[in-house]
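Heads up, the thing below is written out as C-alpha cells.
The values are calculated or read from the model by the stated rules, or taken from the named source; none is laboratory data. For clarity, every value in this text was computed on a predicted model and none was experimentally measured. Cβ sites come from the backbone with ideal geometry, for glycine too, and all protein chains shown count toward neighbours.
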Amino acid sequence: MSHFLTSPGQITHPTVSEKEQLLAGSEKAQLLADCVRYFRENPGFYRMFRELKEKYRSFGAVGGSIQLANLQPEEKAALSGLLRKDYTRQKSAVLKVARIAAALGWTRFAGLDLEEVVLAYWGTEILPKKKERQDYLARRREFFDAIGRELSGRDFPGQKFPGQEVAGRAAGDWLAGAFIPGNNAYKTL
C-alpha cells in the first residue's frame, strides 16, 4: 500500500477516491500503451498517423482534415473498421480529424484523447513548426551573440565590455550590422 507524506514526518494512507485516481491513472496509461501498440501493429494506420503528426507540427494541435491518396488494401480495411464506413472501393480518402477522434471513442480505447494517442504513437516529442523555428532563431542568436562578444566585446546591440582590441571591434560591428534588417549581409546569415 502506498502512503502519502502530508507534512514532514506525517504519513497518511490514501483515501478511497485517491486510490481510484491512482488506479485510473495507471489504467489510462495501460490503455494508452495498448492503443499505441494496436495502431503500430496495424500497418493500415501508418499513413493516417503520419498525416496527423504533420497536422500537429503545422498547427500545434490535431484538427481539420487529412487526405490519404492511393489507398492500399490494408489502409482501406483499417479505415473501414475504425471509421465504420466502407473505403474498399475508394482510391483516396479525406478524413475529418473530429471523425477519427469520435471513432476512437467507439472502440475499447474510449476515453483517450486523439492528440495524446498521436503523440504517444510516435514515442518522441513532436514540436510544432512554429516552436522549432523559434528555438532555431534563439540558438542562432545565442551563437552569433557569443561570436560578437568575442570579437567586439559587446552584446547586440550596444552593451560594451572593456578590454577588447580595436580590430576585433570592427569585425564585431560588422557582425552586429549584419543582423539589422535591410542590410545585405542579413540575408546571408
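Some observations on this one:
- Residue count for region 97-138, restricted to those that are among the hydroxyl-bearing types (Ser, Thr, Tyr) and assigned to a loop (DSSP other than H, G, I, E, B): 2
- Matching option when the condition is within 30 Å of Phe49 (Cα to Cα), out of contact with any Leu (no Cβ under 7 Å at 6 or more places or on another chain) and at pLDDT below 85, among Lys129, Lys160: Lys129
- Here Arg50, Arg37, Arg57 are screened, and the one residue that is at pLDDT 95 or above, within 30 Å of Arg133 (Cα to Cα), assigned to a helix (DSSP H, G or I) and not hydroxyl-bearing (Ser, Thr, Tyr) is Arg50.
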